[in-house]
Amino acid sequence: MNRRNLLLVDDESDIRRVAHLSLQHIGGWHVHEAASGAEALSVVEELRPDVVLLDVMMPEMDGPATLARLRELPRMNGVPIVFLTAKALSSDHERLRTLGASGVLTKPFDPLLLPGMVDAILEGR
Amino acid sequence: MNAQLPVQNGPDRRGLVLLVDDDPSYRVLVRESLQHAGHAVVEAATLRAARAALACRIPDVLMLDGSLPDGEGRQLLEHLKGATERPGVIFVSAHGEMVAAVKRLRQELGVGFVMSKPTNLVELNLHVGALMEGRVAPGAGGVSSSGSPALSAMLEELRSGFAAELGGRLEDLKSGAIAVSKGEGDANALEALAHRIHGTAGTYGFHEVSRVAAALEQTLHEGRGGSTQLLPSVERMVPVLSDLIRQVAEAEGSQLRMPALTTVEPQARVEGLDEERVERVLLVHPDLALCAEMVRCGASMGVEVVPAGSEAEAMRLAMQTCPDIAVVQWELSPGDDPVRCVRRLRMLPGMEELQVALISTQDSVARRAEAARSGVNLFEASPLQHLSFLAIVRRLALEGRQSLKILLIDDDPAFAAFAQMVLGAHGIEVVVLDEPAACLEALNRESPDLVLLDLMMPGLSGFDVCRLVRADARWCEMPIVVITAQLTPEVRIAAYRAGADDYLAKPVVSEELVVRVKGRALRARQNREARDRDGLTDLLLRRPFLERAQHLLSVSRRAGMSLSVALIDIDHFKAVNDQHGHAVGDQVLTIVGQVLRSGCRQEDPCARWGGEEFALAIPGAGAAEAGKLLNRMLAQLRTLVFMGEDGRPFQVTFSGGIASSGGNDLDLNELMRCADAHLYTAKHAGRNRICA
């Protein structure tokens with residue numbers, strides 16, 4: 001079973017740290033971090049992630065803008081992108097999905113359950 | 001036979017797992033997950049190595065891959081067959097096993113669970129826990145905490161690092177809030193800070209902090225346009241923040257923090273806890289006098305009502321009290337918006353599932369549509385009154401509390417464990433019956449809200465079970481959902497013909513299982529509740545009362561306890577109707593109903609027996625105790641003064657007769673007759689009294 005690559009994009013180092021740990025240890029992912037949309041775009045070609053977890057609210061380039069740019073890259077064709085957001089309303093989630101996200105995860109999350117939620121989104125595709 | 005499979009993986013169910021798989025990266029993943037749950041893990045990559053490991057020590061659980069480099073996994077099971085001591089077995093197969101093969105594995109080779117690759121680790125942990133449950137006595141034979149799980153330690157370290165900085169962040173938040181409330185600071189920057197803390201604090205387990213930050217974020221977000229309400233609302237948050245900072249400083253490991261991360265417990269719902277919980281209702285209504293009345297009315301049925309006069313107050317109180325239900329009046333004070341209020345309430349962390357009713361004095365399609373879009377659970381176009389309020393709370397409590405119970409008739413323990421896990425996580429109790437022939441007894445015993453039925457079972461088939469249930473008048477309305485791997489139209493039609501209401505295809509998608517089962521069970525429960533209750537007093541009708549009392553009587557007899565029943569009749573009720581009119585008479589009936597209801601426990605059946613007669617069943621009480629209870633109710637009624645249509649005040653009393661099951665073996669009908677005889681005695685002795 002090959003370890004799969006996951007790109008985690010969030011401007012908050014606290015979130016990155018805890019998510020990284022749980023995704024790596026429970027989910028079995030190779031986790032790569034990016035602190036901004038720009039950084040994500042600069043590493044994504046080389047990294048070729050199997051899935052991207054993308055924070056919605058980030059300074060400069062926010063999640064939806066980053067998603068739009070990622071979707072322009074041929075390499076990213078068919079790669080699931082999952083939003084991380086602190087907005088819990090289902091209408092917000094609907095809106096995010098219409099932007100082309102494969103799923104939406106809510107912050108705060110339980111670090112122990114996060115990998116399972118990512119798997120559930122990927123399986124449900 | 002009622003085989004209820006244990007699925008909870010409690011912290012003291014730890015043991016030794018032998019993991020046999022030739023893929024090292026798969027082993028790493030499984031090992032870390034199992035160790036994290038507190039189990040010790042021994043690994044083997046081949047059958048040979050596995051045999052050697054088994055020769056040293058029999059593990060509690062054997063997790064075995066179906067195909068290994070030097071042979072088939074089942075060879076090892078054959079080898080174990082004759083052994084006196086055998087582990088619980090999880091059989092892992094890369095290609096999903098057919099149902100028949102699974103059955104053979106279970107029956108002939110003693111496999112507990114069959115899982116597929118890729119393996120869901122949460123499910124794996126549940127299965128391991130279930131197998132341990134059957135083998136390892138709590139605290140005995142388990143493994144010492146020698147291998148302290150690395151992940152847990154790392155998470156804990158991150159958490160304490162975060163905790164150390166949290167105080168400082170909250171101070172920033174507070175000083176920012178003070179500045180903004182004076183019209184000075186940068187509201188956008190403060191909103192961004194609140195947003196960050198909302199997301200991170202909760203992730204690190206500081207839920208209360210997250211909740212407060214979310215409320216502040218929301219307040220600031222709505223004030224963006226330069227609303228005049230912003231400054232005072234932010235100002236009100238400052239003391240809340242101070243409080244929080246103090247609590248964080250004081251609370252090393254207090255209720256603010258999540259318990260230390262030890263095990264994954266997807267359904268840590270404790271049975272019985274729900275029943276003790278008092279429902280808390282946030283009532284958002286500008287009329288404070290009416291609010292006060294509803295607070296009293298709620299108290300009479302064991303519901304805590306928190307009144308809020310405005311949207312801002314509602315947000316503040318919601319944060320403080322975490323209500324289960326919110327009832328919001330459409331017509332609020334100027335500047336407040338009911339739909340926005342609902343949205344904001346739901347946005348508070350932990351309140352996504354808040355049950356909300358909107359009450360409106362006007363009815364229009366536009367209003368209903370707007371309410372529906374905002375996601376409310378209920379829209380009522382009528383002024384708020386005692387009875388409508390109680391009915392709303394009961395209905396939402398039912399939906400929110402989800403105290404639903406389903407009966408699963410299936411001989412496959414793997415599916416039963418799966419259903420219990422998935423539905424249990426949504427608060428639905430699953431009672432498993434693996435002997436279909438016993439279905440009618442199980443229905444009588446459990447009276448579930450829905451039956452989930454495997455179509456393909458040995459012995460009595462699912463079709464026969466459907467027909468059997470439908471042929472019984474008591475259960476002809478019971479929702480039945482069948483599960484089947486065969487989805488041909490013929491099978492579906494045959495199932496519907498036999499009396500099924502719906503079907504689910506195997507393999508079952510867990511979310512679909514939840515929504516189908518929950519939706520149907522809830523509507524069935526609502527229908528039953530509505531049908532079972534008297535429209536005027538909202539008490540039970542005679543037949544459902546007798547059913548519940550019958551159930552309680554058998555339970556009490558088995559437990560060696562007594563059950564008392566009482567019949568109550570309002571004195572001179574005909575005179576009330578004649579002198580004051582029927583409308584006033586109805587009011588008297590309603591109030592007497594409330595007095596009785598509030599005098600007994602929530603779960604004690606309380607009925608309008610007919611006309612001006614009422615009935616009560618009080619489990620656990622002897623005649624003397626029941627007499628005391630009824631005398632208390634009577635004393636309360638005597639303090640109430642009614643007003644006739646002509647403005648003349650009058651008072652009402654009742655007479656009551658009690659019969660108890662203690663020291664006799666009378667059946668329910670005989671008990672009711674006996675209570676009736678005592679009621680007759682009370683009437684003849686001059687009314688306004690209780691006889692036992």
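The values are calculated or read from the model by the stated rules, or taken from the named source; none is laboratory data. Bear in mind that the values here come from a model prediction, so they are computed numbers and not experimental data. When we count neighbours, we look across all protein chains shown, and the Cβ atoms used for this are built from the backbone with ideal geometry, even at glycine. Accessible surface is based on the protein model in full, side chains and every heavy atom, while ligands, DNA and RNA are left aside. Shrake-Rupley method; radii C 1.70, N 1.55, O 1.52, S 1.80 Å.
Residues being outside any loop (DSSP other than H, G, I, E, B), modelled with pLDDT of 85 or more, within 30 Å of residue B:424 (Cβ to Cβ) and open to solvent by 20 Å² or more (accessible area, probe 1.4 Å) are entirely absent from segment B:236-247. Kindly indicate whether any position in segment B:392-401 is open to solvent by less than 10 Å² (accessible area, probe 1.4 Å) and assigned by TED's automatic domain parsing to the domain that holds residue B:492. No, because not a single residue in segment B:392-401 is open to solvent by less than 10 Å² (accessible area, probe 1.4 Å) and assigned by TED's automatic domain parsing to the domain that holds residue B:492. Screening segment A:95-116 for residues that are hydrophobic (A, V, I, L, M, F, W, C) and within 8 Å of chain B (Cβ to nearest Cβ) and picking the one that is surrounded by the most Cβ atoms within 10 Å (Cβ to Cβ) gives A:112.
Candidates A:92, A:50: the one that is within 14 Å of another protein chain (Cβ to nearest Cβ), surrounded by fewer than 20 Cβ atoms within 10 Å (Cβ to Cβ) and modelled with pLDDT under 90 is A:92. Could you check, for segment B:501-521, whether at least one of its residues is without any contact (Cβ under 8 Å) to a residue 60 or more places away in the chain, exposed (fewer than 15 other Cβ atoms within 10 Å of the Cβ) and over 30 Å from residue B:484 (Cβ atoms)? No, that holds for no residue. If you go through segment B:45-68 and keep only what is more than 14 Å from chain A (Cβ to nearest Cβ), open to solvent by less than 50 Å² (accessible area, probe 1.4 Å) and within 18 Å of residue B:109 (Cβ to Cβ), you end up with B:47, B:50, B:54, B:58, B:59, B:60, B:61, B:62, B:63, B:64, B:66, B:68. In segment B:276-303, the qualifying residues are those that are outside any helix (DSSP H, G or I), of a type in the set (D, E, K, R) and modelled with pLDDT under 85, and the one that is surrounded by the fewest Cβ atoms within 10 Å (Cβ to Cβ) is B:277.
Look at segment B:459-481: where a residue is on the phi > 0 side of the Ramachandran plot and a partner is in a loop (DSSP other than H, G, I, E, B), sitting 6+ places away or on another chain with Cβ atoms under 8 Å, you get B:459/B:435. Among the residues of segment B:218-240, is any in contact (Cβ under 8 Å) with a residue 40 or more places away in the chain, out of contact with any Asp or Glu (no Cβ under 8 Å at 6 or more places or on another chain), within 29 Å of residue A:114 (Cβ to Cβ) and within 14 Å of another protein chain (Cβ to nearest Cβ)? So far as segment B:218-240 goes, yes, one or more of its residues are in contact (Cβ under 8 Å) with a residue 40 or more places away in the chain, out of contact with any Asp or Glu (no Cβ under 8 Å at 6 or more places or on another chain), within 29 Å of residue A:114 (Cβ to Cβ) and within 14 Å of another protein chain (Cβ to nearest Cβ). The residues of segment B:465-476 that are open to solvent by 60 Å² or more (accessible area, probe 1.4 Å) and either part of a helix (DSSP H, G or I) or touching a Lys or Arg at 6+ places or on another chain (Cβ under 8 Å) (or both), listed by number, are B:467, B:468, B:473, B:474, B:476.
For segment B:406-444, filtering for residues that are surrounded by fewer than 18 Cβ atoms within 10 Å (Cβ to Cβ) and free of Cβ contacts under 8 Å to residues at least 60 places away in the same chain leaves 4.
Checked against (1) under 30 Å from residue B:606 (Cα atoms); (2) within 23 Å of the chain's Cα centre (by Cα); (3) open to solvent by 60 Å² or more (accessible area, probe 1.4 Å), residue B:540 passes all but condition (3).
What residue, among those in segment B:32-44 that are more than 16 Å from residue B:132 (Cα to Cα) and touching a strand residue (DSSP E or B) at 6+ places or on another chain (Cβ under 8 Å), is farthest from the other protein chains (Cβ to nearest Cβ)?
Top of the filtered list is B:44.
For every residue, the table says whether it meets (1) of a type in the set (Asp, Glu); (2) modelled with pLDDT of 90 or more.
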{"site": "B:535", "(1), (2)": "no, no"}
{"site": "B:538", "(1), (2)": "yes, no"}
{"site": "B:549", "(1), (2)": "no, yes"}
{"site": "B:559", "(1), (2)": "no, no"}
{"site": "B:582", "(1), (2)": "no, no"}
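Based on this model, can you work out whether residue B:553 counts as more than 26 Å from residue B:691 (Cα to Cα) and either aliphatic (A, V, I, L, M) or at pLDDT 90 or above (or both)? So residue B:553 does not fit the description; no.
The condition of being modelled with pLDDT of 75 or more, facing chain A (nearest Cβ under 10 Å) and out of contact with any strand residue (DSSP E or B) (no Cβ under 7 Å at 6 or more places or on another chain) holds for only one of B:205, B:168, B:176, B:161, that being B:161. For the criterion of being free of Cβ contacts under 8 Å to residues at least 40 places away in the same chain, open to solvent by 70 Å² or more (accessible area, probe 1.4 Å) and part of a helix (DSSP H, G or I), residue B:557 fails. Could you tell me whether segment B:652-671 includes any residue that is at pLDDT 90 or above and at positive phi? No, there is no match, as no residue in segment B:652-671 is at pLDDT 90 or above and at positive phi. Tallying residues that are modelled with pLDDT of 85 or more, of a type outside the set (A, V, I, L, M) and surrounded by 22 or more Cβ atoms within 10 Å (Cβ to Cβ) within segment A:18-45 yields 2. Inspection of segment B:632-640 finds a residue satisfying the criterion of being modelled with pLDDT of 90 or more and either closer than 17 Å to residue B:676 by Cα or crowded, with 19+ Cβ neighbours inside 10 Å (or both).
Scanning segment A:6-47 for residues that are more than 9 Å from chain B (Cβ to nearest Cβ), touching a Gly at 6+ places or on another chain (Cβ under 8 Å) and of a type outside the set (A, V, I, L, M, F, W, C) returns a single hit, A:37. Of all residues in segment B:356-377, those satisfying the criterion of being open to solvent by 20 Å² or more (accessible area, probe 1.4 Å) and within 17 Å of residue B:396 (Cβ to Cβ) are B:372, B:375, B:376, B:377.
Residues in segment A:56-75 that are surrounded by 13 or more Cβ atoms within 10 Å (Cβ to Cβ), more than 14 Å from every other protein chain (Cβ to nearest Cβ) and more than 18 Å from residue A:98 (Cβ to Cβ): A:61, A:75. So, of the residues in segment B:191-204 that are crowded, with 23+ Cβ neighbours inside 10 Å and touching a residue at least 24 places away in the same chain (Cβ under 8 Å), which turns out to be farthest from residue B:335 (Cα to Cα)? So the residue we want is B:204.
Which of the residues belonging to segment B:19-31 are open to solvent by 10 Å² or more (accessible area, probe 1.4 Å), in a helix (DSSP H, G or I) and more than 7 Å from chain A (Cβ to nearest Cβ)?
Correct list: B:24, B:27, B:28, B:31.
When segment B:105-122 is filtered for residues that are in a helix (DSSP H, G or I) and at pLDDT 70 or above, the ones remaining, listed by number, are B:105, B:106, B:107, B:108, B:109, B:121. Among residues of segment B:350-363 that are closer than 30 Å to residue B:205 by Cβ, those with a beta-carbon under 6 Å from a residue that is in a loop (DSSP other than H, G, I, E, B) and open to solvent by 10 Å² or more (accessible area, probe 1.4 Å) at least six positions away or on a different chain give the pairs B:352/A:88; B:355/B:377; B:356/B:376; B:356/B:377.
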